[in-house]
Amino acid sequence: MWTSHRQASARSNVPDLKQLARDIFHETLAALDIPLAMRQKLARNGSQIRIDDTAINLAAHDRIVVIAIGKASVPMARGFADLLASDFAFFEGILVAPHESIADVHGFRVMGAGHPIPDGGSIAAARVITELLSQCDSRTLIFFLLSGGGSSLIELPLDSNVTLEDIQQLNRVLVNCGASINEINAVRKHFSAVKGGRLAALAAASMKVTLAITDVPMGFESALASGPTLPDPTTVADACQVIEKYDLDSKLPPSIRSKFDHPESIPETPKPGAPAFAQAHFSFLLTMHDLFHHAHHAAEARGFVTQCDNSTDDWPIAAAREYLLSEVVRLAHANRGRGVALIADGELSSPVFGNGIGGRNSAFVLDCVEKIAGMRIAVLSAGTDGKDGSSPAAGAVADGKTMERALAAHLHPQEFAARSDSYNFFHKLGDTVVTGATGNNLRDLRILLLAE
C-alpha cells in the first residue's frame, strides 16, 4: 500500500512537459513588444531621430512617406504613428497586411493582400506603392517598415505578359519544391517590379530608411520580403540554377518558362553601388536574438537549464530532428538531475508530398513522434506569426506518450507524413498549437524539453 502511494506521488510530480512547452512559447510571443522596440530604436528627440549611427532631422524634409508591408505591419505602423504623434502627423502612410490581419492605423491607407500566395490585393497594393514612390524626390524622407510575408503581400510582374495566375503558379511551384528561401527569392526577384531593390530604385533621389522585423537568417537581409529596398546579391544565373536544380522547368507557366529558355531577356536586379542605395539605410527592429532572449528567459524561469541553438536553419526536417534530439539528450547528460531546454529557431526544408494539411512546424514535430516514444521529452515547433503552412494552426506539440495515444486512436504517423497531413494528425489528438494571427513574424521557434 505504501508503494502504490509512493508511485502515485511520483506520477503527480512528473511535470506536464507539453504544457510547459506551450507556456514558454506563449510567454515568448507576449514579450515581443513591437511599439516599444520602435520607440527604443528610433530614439526621437524633438524633430531629431537617431537610428544606429544615422541622425535624421524630420523637419528638414518637405514630405514624409511611410510604407509598412508584412505580417507585422499593423503593430509596426502603430508604433511609428505613436512615435511621431501630433508633431509630425502629416506623413503619408500605406499599410499592407494579410486580409485577416488588417486594422485601421492613424495616418495609413490600409490594404489587404494574399498570403502565402499573392492575389489581386497584392497587385493593387504594389501599384499604389509604386505610384507613390515615383512621385518622391530629394526632399522626401521614406520609411519602409518591413516584416515577413511581404514577398506575397505586394507583387507586380516586371513583364506585362506575365499574369497574376502565372505568378501564383510560380510561387506554388517554388514553395513546394523544397528550395531554401534564398533560392526561392533568387527566382521571384527577377520577375518582379517590386522585389530585389526595385522599390528603392523607384525613389532613387530620396532618403530611405528601412526598419525590419526579420524572419530570415542574419546576413541574408535581402531575403526579407524579397529585399525590396536592398541591393540584390542574386543574379539571373542563380535563378536559372534553381530551376535546373529542382527540375522545375516543366512545372512553370509558359510565360515564365519562355524566359528561362532565353535568360538574356530577363532584366538584372539593382546591385550594390547603384545610385538607388546612396541614401538608403537598413536597420533591424527585432531579430532572432530577441526571440532567443525571451524564450531563454521563459524556460529558465520554469527551472530548466537552457541552451539556444540556431544551427539547423534551412536543414531538412529529418536532419534537424536527429541533431536537435541528440543535443537535448547531450544537454541532459551534462546536467544530471535537472530539467533541460533546447531552444532553436529558423525555417526547415519541408517538401510537400501529398494534398494534406500542414506545414514545416507540425511536420517536424510529427517526425519526432516515433523517436521520442516512451521518453520524458516534449517537442514543440510553431511559427511566431501564428501560421504553419496550409494549416489554421501555428504548429504542434508532442511528448513521449503521443505515439501510444496515436496508435490507440488508429493514427499512424508515417501515413500522415506521406500525404503531408501533419495538421490533421495533431488536430485529432488535441495537440495543435493555435494562436491566430499574432501580428509578428520572428521566424519559427522550436522548444525541446527533457525532464530527468
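Would you mind finding the one in D53, D82 that is within 28 Å of M288 (Cβ to Cβ), in contact with a Pro (Cβ under 7 Å, 6 or more places away or on another chain) and either surrounded by 18 or more Cβ atoms within 10 Å (Cβ to Cβ) or without any contact (Cβ under 8 Å) to a residue 60 or more places away in the chain (or both)?
On the way: D53 fails: in contact with a Pro (Cβ under 7 Å, 6 or more places away or on another chain).
When all the criteria are applied, what remains is D82.
Among the residues that make up segment 400-418, is at least one of them buried (at least 18 other Cβ atoms within 10 Å of the Cβ) and at positive phi?
no
For S391, work out the one condition from (1) of a type outside the set (D, E); (2) crowded, with 18+ Cβ neighbours inside 10 Å; (3) under 15 Å from P413 (Cα atoms) it doesn't fulfil.
Here S391 meets the rest and fails (3).
Could you grab me the full set of residues in segment 245-286 that are open to solvent by 80 Å² or more (accessible area, probe 1.4 Å), free of Cβ contacts under 8 Å to residues at least 12 places away in the same chain and either under 21 Å from N182 (Cα atoms) or in contact with a helix residue (DSSP H, G or I) (Cβ under 6 Å, 6 or more places away or on another chain) (or both)?
Correct list: D247 only.
For the structure I just gave you, tell me whether L442 is at pLDDT below 95, surrounded by 24 or more Cβ atoms within 10 Å (Cβ to Cβ) and hydrophobic (A, V, I, L, M, F, W, C).
On the way: at pLDDT below 95: yes; surrounded by 24 or more Cβ atoms within 10 Å (Cβ to Cβ): yes; hydrophobic (A, V, I, L, M, F, W, C): yes.
Yes, satisfied.
Under the condition of being among the aliphatic types (A, V, I, L, M) and under 14 Å from L342 (Cβ atoms), which residue from segment 376-385 is surrounded by the most Cβ atoms within 10 Å (Cβ to Cβ)?
Within segment 376-385, the first condition is being among the aliphatic types (A, V, I, L, M), and the residues that meet it are 377-380, 382.
Next cut, under 14 Å from L342 (Cβ atoms) only: 377-380.
Details: I377: 23, A378: 28, V379: 31, L380: 28.
Of everything passing the filter in segment 376-385, V379 is surrounded by the most Cβ atoms within 10 Å (Cβ to Cβ).
Within the bounds of segment 22-43, is there any residue that is surrounded by 11 or more Cβ atoms within 10 Å (Cβ to Cβ), assigned to a strand (DSSP E or B) and either at pLDDT 90 or above or on the phi < 0 side of the Ramachandran plot (or both)?
No, that holds for no residue.
When A179 is evaluated against the numbered criteria (1) among the hydrophobic types (A, V, I, L, M, F, W, C); (2) modelled with pLDDT under 95; (3) surrounded by fewer than 17 Cβ atoms within 10 Å (Cβ to Cβ), which criterion, by number, is the only one it fails?
Against the list (1) among the hydrophobic types (A, V, I, L, M, F, W, C); (2) modelled with pLDDT under 95; (3) surrounded by fewer than 17 Cβ atoms within 10 Å (Cβ to Cβ), A179 comes up short only on (3).
Looking at segment 425-439, which of the residues that are open to solvent by less than 40 Å² (accessible area, probe 1.4 Å) and not in a strand (DSSP E or B) is farthest from G150 (Cα to Cα)?
Initially, segment 425-439 is screened for residues open to solvent by less than 40 Å² (accessible area, probe 1.4 Å), giving 425-426, 429, 431-433, 436, 439.
Narrowing further to those that are not in a strand (DSSP E or B): 425-426, 429, 431, 436, 439.
Values: F425: 30, F426: 29, L429: 33, D431: 30, G436: 18, G439: 13 Å.
So the residue we want is L429.
If you scan segment 195-228, which residues turn out to be open to solvent by 10 Å² or more (accessible area, probe 1.4 Å), part of a loop (DSSP other than H, G, I, E, B), in contact with a strand residue (DSSP E or B) (Cβ under 9 Å, 6 or more places away or on another chain) and closer than 20 Å to H61 by Cα?
Answer for segment 195-228, where residues must be open to solvent by 10 Å² or more (accessible area, probe 1.4 Å), part of a loop (DSSP other than H, G, I, E, B), in contact with a strand residue (DSSP E or B) (Cβ under 9 Å, 6 or more places away or on another chain) and closer than 20 Å to H61 by Cα: just A205.
Go through the residues of segment 65-74 one by one and say whether even a single one is under 28 Å from the mean Cα position of the chain (by Cα), open to solvent by 30 Å² or more (accessible area, probe 1.4 Å), at pLDDT 90 or above and under 14 Å from L146 (Cβ atoms).
Taking segment 65-74 first, the residues under 28 Å from the mean Cα position of the chain (by Cα) are 65-74.
Narrowing the set further to residues that are open to solvent by 30 Å² or more (accessible area, probe 1.4 Å) leaves 71.
From what's left, at pLDDT 90 or above: 71.
Now narrow it down to the ones that are under 14 Å from L146 (Cβ atoms): 71.
Yes, that holds for at least one residue.
Please go through segment 131-156 and pick out each residue that is assigned to a loop (DSSP other than H, G, I, E, B), open to solvent by less than 10 Å² (accessible area, probe 1.4 Å) and touching a residue at least 60 places away in the same chain (Cβ under 8 Å). It would help to see each step written out before you state the result.
Keep residues of segment 131-156 that are assigned to a loop (DSSP other than H, G, I, E, B), which gives 135-139, 148-149, 154-156.
Next, only the ones that are open to solvent by less than 10 Å² (accessible area, probe 1.4 Å) stay: 148, 154-155.
Once the filter is applied, which keeps residues that are assigned to a loop (DSSP other than H, G, I, E, B), open to solvent by less than 10 Å² (accessible area, probe 1.4 Å) and touching a residue at least 60 places away in the same chain (Cβ under 8 Å), segment 131-156 yields G148, I154.
The values are calculated or read from the model by the stated rules, or taken from the named source; none is laboratory data. Keep in mind it's a predicted model, so treat the numbers as computed, not measured. Cβ sites come from the backbone with ideal geometry, for glycine too, and all protein chains shown count toward neighbours. Please note that ligands, DNA and RNA were not included when accessible areas were found on the heavy atoms of the full protein model with its side chains. Shrake-Rupley method; radii C 1.70, N 1.55, O 1.52, S 1.80 Å.
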